[in-house]
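Everything on this sheet refers to the single structure shown next.
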Amino acid sequence: MSADPTPGASGSTAATGPVAPPRTPAASIHNIGYRKYDGERLGRGYAMRSLFVQSLRGAYGLGRSAKSKVLPMVLFGVVLAPSLIMVAIAVATDAKELPAEYTAYPLIMLPLIGLYVAAMAPQSVSRDLRFRTTPLYFSRPIERTDYVIAKYSAMSVALLIFVGTPMLVMYVGGLLAKLGFVDQTKGFALGLVMALVFSVLHAGIGLLVAAVTPRRGFGVAAIIGVLTIPYFATTIMQFIVYDEGSREAVSWLGLASPGTLMDGFQSKFLDGSTDFPGSIVPSNTAGICYLLVIAAVIAGSYLLLNARYRKAGL
Amino acid sequence: MYDPTVARLTYRALLGRRRALILMVLPALLLLIATLVRVFDASSDDVATQLLSGFALATLVPLIGVIAGTGAIGPEIDDGSIVYLLSKPLKRSTIICTKLFVAIGVTLLFSALPVLLAGFILVGASQQIAVAFAIAAVVASIAYCALFLLLGTVSRNAVVIGLVYALVWEALFGSLVPGARTLSVQQWALALAEKVTGSGVDVSSAVSLPTAAVLLVVVTVGGTWFAVDRLRVLKLAGEE
């Protein structure tokens with residue numbers, strides 16, 4: 001009230017003009033004894049952390065109905081199973097190394113991880129948009145960027161758990177099978193770098209598509225479409241240009257889809273073996289472009305998500 | 001069997017607003033790739049069959065099928081507006097059949113037609129590849145629509161289940177476990193394509209043509225019948 005210099009609002013009883021509200025003694029607000037809240041205000045950071053934890057738990061169906069636990073848990077089990085089988089084989093047959101590399105694991109499981117992103121990213125952001133509950137979040141002391149950061153990091157961590165746990169199983173199994181501590185630790189560390197980049201990239205793409213298509217079902221199909229269609233198209237184009245004999249073009253084409261992007265990245269920078277035709281590893285120039293494209297996709301999806309929530313309607 | 005109003009509503013739900021544009025992206029990509037391959041003169045019968053079976057029939061047709069099949073009825077059941085349709089003096093079979101017709105029409109328009117065009121762009125009339133894959137796409141579209149319409153009626157997670165079937169079962173399992181190929185719409189359609197193409201083309205299916213034909217009819221008719229049956233006893237539930 002101190003910031004308002006107009007005389008009509010200053011509380012004096014003298015009427016200053018015809019627009020001043022009529023003040024009669026009958027119209028007053030009584031104090032009917034509600035208690036004030038005088039506890040600690042937990043603030044913006046707390047609200048953001050709560051949103052992060054709630055979104056992360058939600059990505060595995062925790063804190064939700066039993067029916068919505070089924071899908072993430074089944075997918076998690078299926079993505080974990082091959083790593084257990086690999087470890088069992090390695091232990092039983094006295095193998096010299098694990099049947100698959102750490103960095104290759106996310107690429108082998110690409111369809112499953114794609115399904116997980118497609119199933120979980122919409123449940124994280126689309127429901128808030130569909131039921132128009134986003135304004136309720138913004139009536140708390142969080143900003144738009146806080147909401148985006150919390151959702152983005154929760155989805156990334158959920159994916160990191162999804163991709164990283166099988167690697168952990170492989171690492172522990174590799175140590176138990178005495179495959180060499182240094183080799184296994186190095187492989188596991190590189191695998192974790194791969195898992196981290198993979199998770200952040202896919203979480204960004206998944207959340208962005210989900211936030212743009214809040215309609216039930218469409219978000220799932222759209223994410224799968226964005227992840228798999230370019231992948232299939234790129235792979236087929238790579239084989240065609242490889243058959244035509246242009247080896248350089250294979251790695252440049254790899255920039256066109258998230259899956260091949262990760263494949264080229266891990267073969268160039270993380271000593272992985274690649275599924276590209278002819279096992280072609282990107283050249284140095286192409287490798288830098290891989291890094292740039294990955295960074296651009298991650299930054300771009302973050303910025304576009306922020307732009308999406310500027311107007312939090314449908 | 002067919003109700004124009006239901007058809008119009010379903011058509012608008014599937015293609016209204018910007019959805020037609022989004023659906024257009026997939027076939028446009030196929031045509032773009034086909035044109036590029038042709039322009040760079042890399043096109044041969046082998047490349048054409050690789051592209052049409054590996055990309056078009058394995059990804060494009062099932063994905064459009066999932067979107068059209070489940071999208072024809074799923075959202076309506078989800079938001080509860082299906083009760084307004086069910087409370088009209090229409091047979092449940094009419095509702096399902098009409099929605100199936102529209103879904104098939106949309107899938108044909110966005111997948112079978114582009115496959116035919118892409119085939120002609122790639123190799124012209126050589127070995128009847130274009131026609132063979134177009135026929136396969138038509139048959140697969142019909143079966144997928146019936147199957148995914150049933151899924152949309154039965155389950156709330158229809159899209160995910162449909163995608164699991166199309167990507168994990170047909171693509172991943174089909175390439176690892178040979179037996180899984182017998183139960184795959186894609187292989188049944190390929191059996192038809194195998195019959196139509198000329199002898200010098202490498203199109204092979206895991207199932208014989210009579211088996212494929214019988215299974216296709218069983219899935220389409222059975223799926224539709226079961227969807228009608230499920231719609232008859234449909235229960236509306238709240239969101240989770």
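Couple of notes before you dig in:
- Region B:4-232 shape via C-alpha gyration tensor axes, a/c threshold 1.5: prolate
- Too-long pairs where the Cα-Cα distance tops 20 Å, listed order kept, from A:K67/B:K99; A:K151/A:K268; A:K69/B:K235; A:K67/B:K235: A:K67/B:K99; A:K151/A:K268; A:K69/B:K235
- Packing, taken as the mean count of other beta carbons within 10 Å per residue, orders the peptides A:128-136, A:68-76, A:222-230 from highest to lowest as A:222-230, A:68-76, A:128-136.
- Net charge in the neighbourhood of A:I294 (other residues with Cβ under 14 Å of its Cβ; Lys, Arg +1, Asp, Glu -1) is 0.
- Compared with the dominant principal axis of the Cα atoms in chain B, helix B:185-196 is inclined by about 40°.
- Summing Cβ point charges (Lys, Arg +1; Asp, Glu -1) relative to the Cα centre of region B:42-141 gives a dipole of roughly 440 debye.
- Between A:F181 and B:T5, the FRET efficiency from the beta-carbon distance, with R0 = 45 Å, is close to 0.05.
- Taking the C-alpha atoms only, the angle from helix A:110-130 to the longest principal axis of chain A is near 10 degrees.
- Note on region A:93-166: Rg/Rh from C-alpha atoms, Kirkwood Rh, equals 1.19.
- Backbone N atoms of region A:226-259 closer than 19 Å to the 7 Å Cα→Cβ label point of A:V281 belong to residues A:247-255.
- Magnitude of the charge dipole, chain B, Cβ model with Lys/Arg +1 and Asp/Glu -1, debye to 20: 840
- Taking A:E97, B:E170 and counting other C-beta atoms within 10 Å, the order from fewest to most: A:E97, B:E170
- From largest to smallest, the equivalent ellipsoid semi-axes obtained for region A:193-251 from the alpha-carbon gyration tensor read 29, 16, 7 Å.
- Inter-chain neighbour count for B:165-172: the average number of beta-carbon atoms from partner chains within 10 Å of each residue's beta-carbon is 3.
- Inter-centroid distance (Cα atoms) of region A:29-80 relative to region B:152-183, Å: 33
- Using the Cβ-Cβ distance between B:D229 and A:R64 with R0 = 35 Å, the FRET efficiency computed as 1/(1 + (r/R0)^6) comes to roughly 0.70.
- Dimensions of region A:71-214 from C-alpha coordinates, computed as largest minus smallest value along each principal axis and given longest first, are 59, 26, 19 Å.
- Paired Rg and Dmax values of the protein assembly as shown, which use every Cα atom, in angstrom: 27.7, 102
- Per residue Cα convex hull volume in Å³ - calculated over region A:135-177: 71
- Efficiency of FRET between B:L31 and A:R140 - r from beta-carbon atoms, R0 60 angstrom, step 0.05: 0.80
- Chain A - Kirkwood radius from inverse mean 1/r over Cα pairs (Å): 22.7
- The alpha carbon gyration tensor of region B:131-240 gives principal lengths a ≥ b ≥ c with a/c of 1.5 or higher and a/b greater than b/c, which makes the shape prolate.
- Shielding by partners, peptide A:219-229 (average Cβ within 10 angstrom, other chains): 6
- Distance histogram for region B:111-156 (every C-alpha pair counted, 5 angstrom bins, percent rounded to whole numbers): 5, 24, 21, 15, 11, 10, 8, 5, 2
- Axis of helix A:144-176 versus longest Cα principal axis of chain A: the two differ by about 30°, to the nearest ten degrees.
- For B:54-67, mean number of other protein chain Cβ atoms within 10 Å: 3
- When the charge dipole of region A:43-308 is built from unit charges on Cβ atoms (+1 for Lys and Arg, -1 for Asp and Glu) and taken about the Cα centre, the candidate among A:Y60, A:S246, A:Y46 whose Cα reaches farthest toward its positive end is A:Y46.
Here, each number is a calculation from the coordinates, and none is a lab measurement. All values derive from a computational prediction rather than experimental measurement. Cβ coordinates were reconstructed from backbone atoms using ideal geometry, including for glycine residues, and neighbour counts include every protein chain displayed.
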